[in-house]
Amino acid sequence: MIRLHVEAALAAEQAIDATPGQAHYLGTVMRRSAGDVVRLFNGRDGEWEARITALGRGKAVFTAENLVRPQADDADVWLMFAVLKRDTTDLVVQKATELGVSALLPVFTERTNAARVNAQRLEAIAIEAAEQSERLTVPLLHPARPLHEALADWPADRLLFAATERAVAPPLRAARGPAALLVGPEGGVGPRDCALLERYAFVRPVSLGPRILRAETASIVGLALLLAPGCG
Ligand code: SAH
């Protein structure tokens, strides 16, 4: 079953234009044709069965037919992660989306090597992972910014579990209520960032066990724990 994310509103009989990329995917990659059925979601109106009513070079039109899954609330867990090398950043965005994170906040830390991220590329990865994992939403991707800025306008009612290696900290457990995980870069969280984190009451240091995990592993494991079924 092909599932595609669209921006447009979804309602019965609603015609929706595909992006050129979606048209290419449907016609050339997946060899679909007009008359075939796909599923569409937009993060607001649930998941719809839709028919391809026109398909040509770089152009396709869907017509929404039936609601197959009503919109449901997502778990409310964010991931704040130090930007990594390109491939590992891509991996973190993909896996975090599959695991059900509701927002992604890339940050530059004291020991971050990268100076920028390609937001468009990360957005495309998140959309594809949401399509593939049967989510009804795409996580909100925040613009990358320095850690101190992200902390300065943090919502005080959201706990930020800071994954801290080589320190005595309680183990991370499933969250109740709004929560977020913070994972540092390849080189770990530096002393200046540690001092900064200590200033905020919403920051809770947590351990992911006795071994030193790679940053991408820490994101995956931490989110799996925070989003454990029945608790999020
Ligand atoms: N190079 C560093 C390790 C960095 S690990 C060193 O040798 O000390 C990258 C990030 O993963 C860390 O900043 C932390 O957020 C997370 N992490 C890795 N292992 C962890 C663990 N056992 N507990 C909690 N966080 C961990």
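Derivation of every value follows stated rules applied to the coordinates shown; laboratory data play no part. Everything numeric here is computed off the predicted structure, so don't read it as measured data. As a convention, Cβ positions derive from the backbone with ideal geometry for all residues, glycine included, and neighbour counts pool all protein chains shown.
Assorted remarks:
- Within the set 152, 156, 174, 218, the sole residue that is closer than 18 Å to residue 109 by Cβ and more than 8 Å from the ligand (Cβ to nearest atom) turns out to be 152.
- Unmet criterion (only one of (1) in a loop (DSSP other than H, G, I, E, B); (2) under 23 Å from residue 91 (Cβ atoms); (3) within 15 Å of the ligand (Cβ to nearest atom); (4) in contact with a strand residue (DSSP E or B) (Cβ under 8 Å, 6 or more places away or on another chain)) for residue 169: (2)
- The single condition among (1) touching a residue at least 40 places away in the same chain (Cβ under 8 Å); (2) assigned to a loop (DSSP other than H, G, I, E, B); (3) farther than 19 Å from residue 76 by Cα that residue 192 does not satisfy is (2).
- The one condition in (1) charged (D, E, K, R); (2) more than 16 Å from the ligand (Cβ to nearest atom); (3) surrounded by 16 or more Cβ atoms within 10 Å (Cβ to Cβ) that residue 110 fails to fulfil: (2)
- Test for residue 105: is it within 16 Å of the ligand (Cβ to nearest atom), within 30 Å of residue 2 (Cα to Cα) and crowded, with 16+ Cβ neighbours inside 10 Å: yes
- Cβ-Cβ distances below 8 Å connect the following pairs, each with a first residue in the range 164-175 that is on the phi > 0 side of the Ramachandran plot, a second residue that is near the ligand (Cβ under 8 Å from one of its atoms) and small (Gly, Ala, Ser), and a separation of six or more residues or different chains: 166/188.
- Residues that are hydrophobic (A, V, I, L, M, F, W, C) and surrounded by 10 or more Cβ atoms within 10 Å (Cβ to Cβ) were ranked within the range 196-214; the one that is farthest from the ligand (Cβ to nearest atom) is 202.
- Set 117, 138, 107, 101: member being farther than 17 Å from residue 76 by Cβ, of a type in the set (A, V, I, L, M, F, W, C) and out of contact with any Lys or Arg (no Cβ under 8 Å at 6 or more places or on another chain): 117
- Candidate set from the range 176-201 (those that are of a type in the set (Gly, Ala, Ser) and in contact with a strand residue (DSSP E or B) (Cβ under 6 Å, 6 or more places away or on another chain)); member that is farthest from residue 149 (Cα to Cα): 179
- Filter result (more than 30 Å from residue 28 (Cα to Cα) and surrounded by fewer than 22 Cβ atoms within 10 Å (Cβ to Cβ)) within the range 59-79: 70, 71, 72, 73, 74, 75, 76
- In the range 4-35, residue farthest from the chain's Cα centre (by Cα) [restricted to those that are exposed (fewer than 11 other Cβ atoms within 10 Å of the Cβ) and acidic (Asp, Glu)]: 13
- Evaluation of residue 19 against the conditions (1) on the phi > 0 side of the Ramachandran plot; (2) free of Cβ contacts under 8 Å to residues at least 24 places away in the same chain shows that the sole unmet condition is (1).
- Going through (1) within 8 Å of the ligand (Cβ to nearest atom); (2) closer than 21 Å to residue 95 by Cα; (3) surrounded by 12 or more Cβ atoms within 10 Å (Cβ to Cβ); (4) not small (Gly, Ala, Ser) one by one, residue 189 falls short only on (2).
Yes or no, residue by residue, for (1) in contact (Cβ under 8 Å) with a residue 12 or more places away in the chain; (2) assigned to a strand (DSSP E or B):
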{"residue": "31", "(1), (2)": "no, no"}
{"residue": "34", "(1), (2)": "yes, no"}
{"residue": "45", "(1), (2)": "yes, no"}
{"residue": "51", "(1), (2)": "yes, yes"}
{"residue": "64", "(1), (2)": "yes, yes"}
{"residue": "75", "(1), (2)": "yes, no"}
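- From the list 117, 101, the lone residue that is outside any strand (DSSP E or B), hydrophobic (A, V, I, L, M, F, W, C) and farther than 30 Å from residue 12 by Cα is 117.
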